[in-house]
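For reference, the structure is listed below as structure tokens.
Each reported figure results from applying straightforward, stated rules to the coordinates on display, with no laboratory input. These numbers were taken from a predicted model, which means no experiment stands behind them. Cβ placement follows ideal geometry from the backbone for every residue including glycine, while neighbour counts extend to all protein chains displayed.
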Amino acid sequence: MIMVDADPAVVGERIRRRGYFCPVDGAVLARWGHARVRFVRGVGRVHPFRMRCPVCGVTHVLLPDSCLLRRADSVALIGSGFELAASGLGYRQVAGVLGRPVDTVRGWLARGRENLAAVAALVAARIALLDPSVTLDVYAD
């Protein structure tokens, strides 16, 4: 799975320019149809492109960055859940505000806590690319 722009026209143009590379071996990926159609709450119908590596034979789904792997809710909706939890609401309250099942929200928040250090490191790396003069200390508790 490769995260790509949410605009299918932008992704289609990059595919035409042979601009996607295999994360396994770095080869230029070839178009391989589409993955299954999904419905993502907050985004709507999503029909991701599929690409295949001609070297290793692995196929990759180009998932729009408005979606997350194995999640039926949009990044924006899940992010709203994180914001509400960070403001002090418990997972039951967050679920009530967002109209999502309690177990779903509890799962979001648990995965978020598990991956917090990795996400912070990615954000710090992106900030450093945008402005090398900014220094951030990212560490795990």
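Some points to look at:
- Degrees, to the nearest 10: 116-130 long Cα axis against longest axis of the chain: 60
- Pairwise FRET efficiency - VAL55 versus GLU114, Cβ, R0 = 41 Å, nearest 0.05: 0.80
- The ranking of ARG100, ARG38 from fewest to most other beta carbons within 10 Å of each one's beta carbon is ARG38, ARG100.
- About the centre of its Cα atoms, the stretch 75-130 shows a dipole size close to 40 debye [charges on the beta carbon of Lys, Arg (+1) and Asp, Glu (-1) only; nearest 20 debye].
- Between helix 75-86 and the chain there is an angle of about 30 degrees, using the helix long axis and the longest principal axis of the Cα atoms.
- Counted over the chain with a bin width of 5 Å, the fraction of Cα pairs per bin, in whole percents, is 2, 9, 15, 15, 16, 17, 14, 9, 4, 1.
- Packing-based exposure ordering (other Cβ within 10 Å, fewest first) of GLU13, GLU114: GLU114, GLU13
- Where labels lie 7 Å past Cα in the beta-carbon direction, separation of ALA121 and ASP7 in nm: 3.3
- Helix-derived mean residue ellipticity, 222 nm - over the chain, DSSP H n ≥ 4, -39500 (n - 2.57), to 500: -12500 deg cm²/dmol
- Gaussian network model of the chain, Cα within-10 Å springs - most flexible of PHE21, PHE49, PHE82: PHE21
- Ranking of ILE15, ILE78 by neighbouring Cβ atoms within 10 Å, starting from the fewest: ILE15, ILE78.
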